[in-house]
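Inspection log for the structure reproduced underneath, given as structure tokens.
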Amino acid sequence: MKPAILDQLMTEAQAILSGPSRRSDFPKWFRDQQHGAWSKFQTMPMPNRKDQPWRFSNVDLLDLSQFKLGAPITDNDRIEILERSRALEQVAGRLVFADDQLLQRDVLSEDLQRKGVVFQPLERAMVEHTDLFRKYFMSEPATLGSAKFAALHHSWVSSGTFVFVPRGVEIEFPIEIFHWLSGENSAVFPHLLLVADELAKVTVIEHFRSQDRQLPGFACGVNDLISGPGAKITYVCAQNWGENVIALQINSTKADHDAAAKSLNLHLGGKYSRFESLSRLIGEGARSDLLAVSVSDGNQEFDARTLQDHVSPHTASDLLYKNALKGRSRNTFGGLIRVEPHAHFTDAYQKVRNLLLDDDAEANSMPGLEILADNVKCSHGATSGQIDADEMFYLRSRGITPAIAQQLIVKGFLNEVIERLEQPAIADYLRGLIDEKFSRAK
Amino acid sequence: MDENWRGNLPQIAARKTGKSRYSFVPLFMNELNIQNLRVEIADREIVRGLSLTVPCGEVHAIMGPNGSGKSTLAKVLAGHPDYHVTGGAVTMDGENVLELEPDERARHGLFLAFQYPSEVPGVTIANFLRAAVQARMPEGEELEATDYYAKLYEKMELLGMDRSFTSRSVNEGFSGGEKKRTEILQLAMLEPKYAVLDETDSGLDIDALKTVAHGVNSLRGPNLGILLITHYQRLLNYIVPDHVHVMVAGRIVRSGRKELALELEERGYDWTREEAGEMAVR
């Protein structure tokens, strides 16, 4: 595969609160949308802790005044970032962005191109596949609290990925996308629009990383996943931003009849990291698996809000979130299962497990059910606990030090979720990231 | 790795001889030595002045009725934090065991096969044992994966365990027999100097018992001292001890050769209780 490197001309750094984006190379309809979104952003109030969707969240961290568009990436940085943009051995395609600038594009095989698979940066897709792109782009409203930030994203988005997999096409290896924060106080607005047509099959993994783990930065991403009838999509987010990054990620997943959508969000980095996940089961027989794993330490705050929305009958959703908390870190979960009036024979599950490793760590979980149909099977539960003393003693009695024993137990605890992906290569990679986080903590 | 790490080097001391030549003599016997041990849990004394010596290379069995404090003794030796040692001493080849943390004791050569081993969800047998073997290596030295697996498979074969076992989570969903076998597998892999086997026979059918006993017997040798704790004589048909001790009410009340076990089987524990009572009166 040949890297196609696009040079980008950037004007002087623009503060993101002076929006919207002034890039003139986008089509007019797109720029109009950006202006509209900017007006929306300006009129909407900042989140308040008293709002239910922001309960327990430290909204004071959302001061965006210091963040700006990144300067053009220097040649040295480009080389370094590309060298570090390796994760999986075998991929179907790869895009690398840093400070929202495209650094590298490893295109798909000719075979996949011939079959009509589209894997493009946004700016090309909006020109070359305008109708398809416009049909789905930012089509799902952000209903879990971050409408204002979705508007901010919309008014600034300039880079990201459009993936379209045509009817019946199965892509064996994952597509991977890297988003890097590079400059100090840089802001990025990563976007992923994934559309799998009928009976298509695809896996996409997004890596979120900071070139310098100490530099402050801001990330406000949106990913919209659309699984057509009988299609199978898997989405993995490996969030490993630097320690002083504020990150918001707004996800929507739509599963048509007999479709399967599986997502796994791994959260390791960031000072404050929130993700909102809306999973809508719109066709009969649809299934959605919502998986998440996090390890937080120091003063990190992770914040997850979810909605499993059963619109059609005979649909299933299964949420499993596991969090390990160290130091004074905090984790908030707010999740709702909603079974709409006609969605009979729904199976919906929600399970959140928090493992508190230090006395000062804090987890708040708010699970919820709203059932408007008959004949449904639903369960939800959230628990927080500490490492079992007997389990710890057992490991120590084998000569394993307390620190390593804790690490083993935590990894075992999280492993249940990672195994659910049923993708060994990605699972190994994610476990490696968790190991790295533990070794950083030493 | 802790600073007390000494590997398996015997402790030796130099003593000046009359002819101003140095000769080296051990300061202690190679043995696990328990002297007048007293243990409490929640202000209740369970072990009440127990003394016992297990020389390296020998197999000693402790038998006793329920509630005599056998399992407490096992856990205290391993350093379980719930138990409070109020008196006495425990040494292993002369080293004070009681001042060591549980993981240090293990690295220094003590092993406990649990009566009820914990489940460790999501941690495979392979990774668990690997961490345990790695913990015994000097800092900076990495365990060679191929050597490790070769040894692991060899020991598993000895215990009639299928290789697929290595990828199962430790004790999760294991049958009683599988749990006990896994304990003995760990014993075989970790090669301790002294092993305490707590009710390793409980919950085993006769075939599983034979396999486990075969595993233990194959590990017997001059470099391993074994303390078998059991309620029933049955186990001792398969692992024949050098010495048998009877524990009643937190103390050893009688010691003898292996024939003592048969006598207990025949007469029950009551007569030893009476003797213990007499001792208390005296």
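What follows draws every value from the coordinates through simple rules; no lab data is involved. Bear in mind the structure is a predicted one, so any value in this text is a computation, not a measurement. When we count neighbours, we look across all protein chains shown, and the Cβ atoms used for this are built from the backbone with ideal geometry, even at glycine.
Counts of other chain beta carbons within 10 angstrom of each beta carbon in peptide B:120-128 average 6. Among the lysines, which have Cα under 19 Å from the Cα of A:Lys148 when same-chain residues fewer than 8 positions away are ignored? Result set, ordered by chain and number: A:Lys40, A:Lys50, A:Lys68. Stokes-Einstein diffusion for the protein assembly as shown at 10 °C, viscosity 1.306 mPa s, with a Kirkwood radius from C-alpha pairs, works out to 54 µm²/s.
Mind checking A:400-410 for the average number of partner chain beta-carbons within 10 Å of each residue's beta-carbon?
That average works out to 5.
Separation of the stretch A:182-228 and the stretch B:47-82 by C-alpha centroid, Å? Measuring centre to centre over Cα atoms gives 59 Å. Taking every DSSP helix (H) stretch of at least 4 residues in chain B, weighting each as -39,500 (n - 2.57) and dividing the sum by the residue count yields a mean residue ellipticity at 222 nm of -10000 deg cm²/dmol. Computed over chain B, the percent of Cα pairs more than 22 Å apart is 60. Cross-link reach is defined here as a Cα-Cα straight distance under 17 Å, omitting same-chain residues fewer than 8 places apart; for A:Lys271 the lysines meeting it are A:Lys326, A:Lys437.
Note on chain B: antiparallel DSSP beta bridges, both residues inside, total approximately 60 percent of the bridges counted.
Along the axis of the charge dipole computed for the stretch B:28-281 (Cβ charges of +1 for Lys and Arg, -1 for Asp and Glu, origin at the Cα centre), the listed residues B:Tyr194, B:Ser218, B:Ala126 are led at the positive end by B:Ser218. Among the DSSP helices (H) of chain B, none spans at least 18 angstrom by Cα along its long axis with an average Kyte-Doolittle hydropathy of 1.6 or more; this is a geometric and hydropathy rule only. A simple charge model with +1 on the Cβ of Lys and Arg, -1 on the Cβ of Asp and Glu and nothing else charged puts the dipole of the stretch A:16-387 at about 500 debye relative to its Cα centre.
Taken over the alpha carbons of the stretch A:16-387 as equal point scatterers, the Debye sum produces base-10 log I(q)/I(0) values at 0.13 Å⁻¹ of -1.06.
Among A:Asp289, A:Asp106, B:Asp270, which comes first, then next, by fewest other beta-carbon atoms within 10 Å?
B:Asp270, A:Asp106, A:Asp289
Seen through its C-alpha gyration tensor, with square-root eigenvalues sorted a ≥ b ≥ c, the stretch A:161-243 comes out prolate because a/c lies at 1.5 or above while a/b is bigger than b/c.
Can you sort A:Glu206, B:Glu45 by how many other beta carbons sit within 10 Å, fewest first?
Going from least to most buried by this count: B:Glu45, A:Glu206.
For a straight C-alpha distance cut-off of 16 angstrom, the lysines reachable from B:Lys180 (same-chain residues fewer than eight places away being disregarded) are B:Lys155, B:Lys210. Comparing A:His314, A:His342, A:His257 in a Gaussian network model of chain A, where Cα atoms under 10 Å apart are tied by springs, the biggest mean-square fluctuation is seen for A:His342.
Which percentage, to the nearest 5, of the DSSP beta bridges contained in the protein assembly as shown is antiparallel?
20 percent
Think of it as helices only: each DSSP H run of n ≥ 4 in chain A is worth -39500 (n - 2.57), and spread over all residues that comes to -7000 deg cm²/dmol at 222 nm. In plain terms, the residue of A:Ile418, B:Ile206 with the fewest other Cβ atoms within 10 Å comes first and the most crowded comes last, giving B:Ile206, A:Ile418. Peptides B:57-70, A:241-254, A:22-35 ranked from most to least packed by the mean count of surrounding Cβ atoms within 10 Å: A:241-254, B:57-70, A:22-35.
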